[in-house]
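These notes concern the structure reproduced below.
The values are calculated or read from the model by the stated rules, or taken from the named source; none is laboratory data. Quick caveat, the model's predicted, so the values are computed rather than measured. For neighbour counting, all protein chains shown are included, and Cβ atoms are generated from backbone atoms with ideal geometry for every residue, glycine included. For the accessible areas, the whole protein counts, side chains as well, though only heavy atoms, and no ligand, DNA or RNA atoms are used. Shrake-Rupley method; radii C 1.70, N 1.55, O 1.52, S 1.80 Å.
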Amino acid sequence: MDVYLSSPLELALDEVLQRCPGMKLNILLTIAKMPSDYEAYLNKYGGIINKMALDCGMFSKHNSKIDITTQQLLAKHSTHAKYNRENYELVFSFDESFEPDGFEINQIHLGVLEELGIENITPIIHNLRSFEVNTFIRKGYSSVAIGKQERKTDPELLFPKVFQLRRYGVDVHLFGITDFNLLVGCPATSCDSKSWLDDANTGVVRFWNPANPGENKTDILYYPDKQGKTKQGTHVVWEYKHLDEFERFLRSYGLTVANLDGLKGYIYREFAGMLYYRTLEDVVTELHRKNPFFHM
């Protein structure tokens, strides 16, 4: 399984270049927030990029204050995809509507992109309970993505649809799903996370702790910005019972626990997030490889 990191800070990518230049990352870029100099970005970071995916930017438009119209976004997406298609493993279609009945308008945009000669576009499903899955199988698409919708993370809805798509040889990307317990039971071929950026900005660090029992070794640590502050579902880092293990892990990359709490703390927390999701990718990929139900 490929785990894509959504719109990483270039300052955090600089840390990868400096501290672990042999590491390869999968990067998801959104047309709404592209690097200021695309060619320079590729030249600088190409050595640490494994695969790239291109998102149309509508999620960013819906969830942040960007000054761009839907038509302007579509024009940027179609132009960039047409002239840079070879740089991307996945180019997602333009899903103007995230609504369960938005299939028709999204199909119009998909048709426009295909008429421009852009190959292997990945359409996005926003209603797993409708005809969309069967439609894309019948049309012979090699990949689809599962986007925003109700019950998207419900295994009873999600898993059968992904298994159905995979039986027909269709690759499946999961937007915004990187929960270990969901990924190990779902035969999707890729996923992405935006929440890892939210983690870094809110003092959260995910740590794959080898000392934990069981398959899921995730611990979620918290750097509070005020004394006595806590965050549900996390371990305050200074009270963490495996703090020595965490310190040892960071030291192997030339960092300390305190570095993640300093002036550049958000950059180092994002770098630590990259390390976590890179490990998650390897672990889930191996568990998928060993699962006989994923190879029937």
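In table form, for the structure just shown:
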| item | result |
| --- | --- |
| Residues within region 147-186 that are among the small types (Gly, Ala, Ser) and closer than 27 Å to His62 by Cβ, tallied | 2 |
| Unmet criterion (only one of (1) open to solvent by less than 20 Å² (accessible area, probe 1.4 Å); (2) under 30 Å from Leu17 (Cα atoms); (3) assigned to a helix (DSSP H, G or I); (4) modelled with pLDDT of 95 or more) for Met52 | (3) |
| Subset tally (residues that are open to solvent by less than 50 Å² (accessible area, probe 1.4 Å) and acidic (Asp, Glu)) for region 181-214 | 2 |
| Filter result for the condition that a residue is out of contact with any helix residue (DSSP H, G or I) (no Cβ under 6 Å at 6 or more places or on another chain), modelled with pLDDT of 95 or more, open to solvent by 20 Å² or more (accessible area, probe 1.4 Å) and under 25 Å from Val184 (Cα atoms), over Phe293, Phe249 | Phe249 |
| Candidate set: region 262-296, residues that are of a type in the set (Gly, Ala, Ser) and part of a helix (DSSP H, G or I); chosen: the one farthest from Val3 (Cα to Cα) | Gly265 |
| Flag for His109 being touching a Cys at 6+ places or on another chain (Cβ under 9 Å) and either closer than 30 Å to Ser36 by Cβ or in contact (Cβ under 8 Å) with a residue 24 or more places away in the chain (or both) | yes |
| Cβ-Cβ under 8 Å pairs, at least 6 apart or on other chains, region 4-31 side within 25 Å of Asp67 (Cβ to Cβ), far side among the charged types (D, E, K, R) and in a strand (DSSP E or B) | Ser6/Asp55; Ser6/Asp192; Ile27/Lys51; Leu28/Asp55; Leu28/Asp192; Leu29/Asp55; Thr30/Asp55; Ile31/Asp55 |
| Selection from region 57-100 of residues that are open to solvent by less than 40 Å² (accessible area, probe 1.4 Å), more than 16 Å from Ser7 (Cβ to Cβ) and in contact with a His (Cβ under 8 Å, 6 or more places away or on another chain) | Leu74, Ser93, Phe94, Asp95, Ser97, Phe98 |
